[in-house]
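For reference, the structure discussed in these notes is given below.
The values are calculated or read from the model by the stated rules, or taken from the named source; none is laboratory data. Since the structure is predicted, the reported quantities are computational estimates derived from the model, not experimental observations. These accessible areas exclude ligands, DNA and RNA; they are computed on the full protein's heavy atoms, side chains included. Shrake-Rupley method; radii C 1.70, N 1.55, O 1.52, S 1.80 Å.
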Amino acid sequence: MSLADLLEELEAAKDPEKAGPMEAYMRHQFPFLGVAGPERNALYKKYFPSAKKTKVIDWNFVDTCWEKEPREYQLWLPTI
């Protein structure tokens, strides 16, 4: 599993019907894909099963996520 795979899965899971209310809740400060927390966390955990134990940070991955606009890309760190 790679970073590209995770990004593809997030894109595939997007739900525009959920994105609108999520954006409204955040006062339209951030665009959202519409991937709810539990579903998003399940995706993230598949890609980072040992990250919490090893405490190794892939800074390239972090930079790539922060360059993307949808908020779901920046919410992965607290979930692992």
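Checking M1 against (1) at pLDDT 95 or above; (2) in a loop (DSSP other than H, G, I, E, B); (3) open to solvent by 90 Å² or more (accessible area, probe 1.4 Å): exactly one of these is not met. Which one?
(1)
Considering (1) within 15 Å of the chain's Cα centre (by Cα); (2) at pLDDT 85 or above, say which one Q29 fails and leave the rest.
(1)
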